[in-house]
Amino acid sequence: MNLILIALLLALLIPIYEAWQDDDIWQKMLAFASIATKTSILTLVISVLRDDWMIGVVGVIILSVGNAGLMLLAHLLRRMNYIGNEGTYD
């Protein structure tokens, strides 16, 4: 099980590197959504290893509503771009 945790941590580094490297805001948001999902899966694995259901509940909450704020931010950025380009979506 420790190998699974190490593999999950290594997989978590890939979107962190992508967000650090790229200047495009949409690529950064995609990378951060991937980080949130991988972090919640990592939390669920740790909760199973420790047999602690409260940590598992936190992992499920992060997994279910963690990206909602990110989607609201994406919608806000799209609307700001819409206003800036005088009514034309990209």
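The residue of the stretch 6-31 that is farthest from residue 71 (Cα to Cα), among those that are in contact with a Leu (Cβ under 7 Å, 6 or more places away or on another chain) and modelled with pLDDT under 80, is 25. Among the residues of the stretch 1-30, those identified as closer than 18 Å to residue 78 by Cβ and surrounded by 14 or more Cβ atoms within 10 Å (Cβ to Cβ) are 27, 28, 29, 30. Quick one: in the stretch 46-90, of everything that is of a type in the set (Gly, Ala, Ser) and modelled with pLDDT under 80, which residue is farthest from residue 28 (Cα to Cα)? The selected residue is 87. State whether the residues of the stretch 32-44 include one that is over 19 Å from the mean Cα position of the chain (by Cα), modelled with pLDDT of 75 or more and at negative phi. Looking for residues that are over 19 Å from the mean Cα position of the chain (by Cα), modelled with pLDDT of 75 or more and at negative phi, one finds none in the stretch 32-44, hence no.
Report whether or not residue 51 is loosely packed, with under 12 Cβ neighbours inside 10 Å and closer than 30 Å to residue 81 by Cα.
In short, no.
The values are calculated or read from the model by the stated rules, or taken from the named source; none is laboratory data. A quick note: this is a predicted structure, and the numbers were derived from the prediction, not measured. Heads up, the Cβs are rebuilt from the backbone with ideal geometry, glycines too, and the neighbour counts pull from every protein chain shown.
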